[in-house]
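Remarks on the structure that follows.
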Amino acid sequence: MSLKQRFPSDFVWGTATSAYQIEGGASERGRGPSIWDTFSHEPGRIHNGDNGDIACDHYNRVEEDIALMAEMGVDAYRFSISWSRIMTDGTPSTLNQAGIDFYNRVIDACAEYNIEPWVTLYHWDLPDHLERTEQGWLNRQVCDRFADYARVCFEHFGGRVRRWITINEAWVVSILGYGQGVFAPGHTSNSEPYLAAHHLLLAHAQAVDIYRKHYQKEQGGQIGITNNCDWREPLTDSDLDKQAAQRALEFFLGWFADPIYLGDYPETMKAGVGDRLPVISDEDRVLIQGSSDFFGLNHYTTMYAAEAGDEPVEQQVYGNGGLNEDQKIDLSVDPTWSVTDMQWAVVPWGCRKMLQWIANRYSNPEIYITENGCAYDDPIDTSGQINDQSRVDFYESYLEECAKAIELGVNLKGYFAWSFMDNFEWASGYDKRFGLHHVDFKTLKRTPKSSARWFKRMLNE
């Protein structure tokens with residue numbers, strides 16, 4: 001039996017991107033600046049001083065790019081909308097028709113190739129005006145701003161978009177943006193991450209409420225949220241290490257999924273964070289609980305978790321689910337594991353265990369892996385080809401474990417490879433390449449890698 005045949009016939013196969021990472025056109029036709037425009041132009045923030053002003057120029061190459069997706073054989077494309085391209089300052093008073101026209105172009109191109117658009121409303125690029133004048137995600141007013149923006153998107157695109165994702169990786173926004181300061185808006189604090197996360201959940205819930213009350217019945221779509229989480233394996237069989245691994249997962253994924261599926265933040269977080277963790281009021285709980293039609297998961301790697309000793313625990317930028325002084329967890333990797341260019345370990349079985357943990361904790365919801373991929377800098381050979389065998393091996397091994405998860409009863413319904421093409425990789429600039437398609441950032445030429453051709457063969461099996 002081929003790999004493809006081990007998945008249900010209605011399984012969704014897609015690839016994914018995000019607006020700031022690929023679009024460029026930073027100030028074209030009425031687009032306002034986002035916090036990532038501002039952040040990336042601050043000296044010392046981004047590797048090599050890179051920014052997303054041009055990125056992959058997807059803004060001018062939409063049709064070319066979606067034709068390449070069709071060549072791969074995928075049936076879905078997950079992309080995000082730039083809020084400040086739709087609303088220059090983030091409010092309805094600055095509605096920008098040119099921005100709406102652009103995303104209609106994206107949707108038109110998808111329709112031409114029978115590719116289903118999966119639209120993410122927020123992939124980290126808050127309109128800069130809302131950060132400068134209203135404190136961004138630290139002010140509850142941002143929830144109403146987001147709801148207004150979501151309503152505009154439902155109104156203009158909902159007739160042809162059936163799959164909506166409200167927020168991408170609220171953990172990243174909260175911890176990397178407001179705790180560690182390595183992502184926009186660049187704050188460092190031990191309390192702001194929890195407040196920002198609270199408002200992200202409320203913004204998600206308000207947008208879902210609007211969609212369900214005013215659009216879902218007529219438009220016939222689904223709406224949910226995508227959270228990221230990497231697997232945490234106990235370092236030893238000791239009860240303390242098992243508890244540490246469970247606590248790590250609760251601080252990472254339970255932080256955002258527990259309120260939606262179980263109605264409140266995890267008890268471990270309440271104990272570890274104390275009064276810095278906002279309280280979900282009864283009124284807000286009504287909005288938040290049950291506010292996702294599917295479980296979106298971005299998954300990349302696995303680490304061992306152990307109970308922290310008496311020494312201060314080193315904070316790992318990409319490794320920790322929350323601020324580590326609150327979790328008290330030591331994280332490590334097996335030195336025999338291979339790692340990607342992000343120094344993330346390649347541990348396929350961790351993906352299966354992650355899916356099983358979600359199924360067990362949240363009553364086996366419909367799960368879509370909305371991102372999974374790896375960074376490798378595979379050179380172009382003398383014939384102009386990119387033989388990225390490490391990436392092919394990564395995808396094959398992770399999809400093998402996804403198939404096993406389905407065979408064990410996990411309700412996995414789809415998989416999106418990250419990313420369609422090399423792009424602006426946030427604080428890493430253009431140094432890290434996740435793409436199935438190589439991008440020459442001088443000429444912007446796209447070249448399918450061996451991994452793109454592998455996907456085509458696999459999907460045609």
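A few remarks follow.
- Residues satisfying the criterion are absent from the stretch 153-166 (criterion: within 19 Å of Pro33 (Cα to Cα), among the charged types (D, E, K, R), outside any loop (DSSP other than H, G, I, E, B) and touching a strand residue (DSSP E or B) at 6+ places or on another chain (Cβ under 9 Å)).
- For the stretch 289-332, the set of residues classified as in a loop (DSSP other than H, G, I, E, B), within 29 Å of Ile225 (Cα to Cα) and either among the hydrophobic types (A, V, I, L, M, F, W, C) or at pLDDT 70 or above (or both) consists of Gln289, Gly290, Ser291, Ser292, Asp293, Phe294, His299, Tyr300, Thr301, Val317, Leu323, Lys328, listed by residue number.
- Looking across the stretch 416-436, the residues that are outside any loop (DSSP other than H, G, I, E, B) and surrounded by 23 or more Cβ atoms within 10 Å (Cβ to Cβ) come down to Phe416, Ala417, Trp418, Met421, Trp426.
- Single residue of Trp357, Trp349 found to be farther than 18 Å from Phe11 by Cα, out of contact with any Asp or Glu (no Cβ under 7 Å at 6 or more places or on another chain), assigned to a helix (DSSP H, G or I) and aromatic (Phe, Trp, Tyr): Trp357
- For Ala271, the conditions (1) part of a loop (DSSP other than H, G, I, E, B); (2) surrounded by fewer than 21 Cβ atoms within 10 Å (Cβ to Cβ); (3) modelled with pLDDT of 95 or more; (4) out of contact with any helix residue (DSSP H, G or I) (no Cβ under 6 Å at 6 or more places or on another chain) all hold with the exception of (1).
- Within the stretch 357-392, considering residues that are of a type in the set (D, E, K, R) and touching a residue at least 40 places away in the same chain (Cβ under 8 Å), the one nearest to Cys229 (Cα to Cα): Glu371
- Subset of the stretch 274-290 that is among the charged types (D, E, K, R) and in contact with a helix residue (DSSP H, G or I) (Cβ under 9 Å, 6 or more places away or on another chain) - its residue that is nearest to Asn190 (Cα to Cα): Arg276
- Residue match in the stretch 323-332 (condition: closer than 29 Å to Gly409 by Cα, out of contact with any His (no Cβ under 9 Å at 6 or more places or on another chain) and in contact (Cβ under 8 Å) with a residue 24 or more places away in the chain): no
The values are calculated or read from the model by the stated rules, or taken from the named source; none is laboratory data. All values derive from a computational prediction rather than experimental measurement. Using ideal geometry, Cβ is built from the backbone for each residue, glycine included, and neighbour counts are taken over all protein chains shown.
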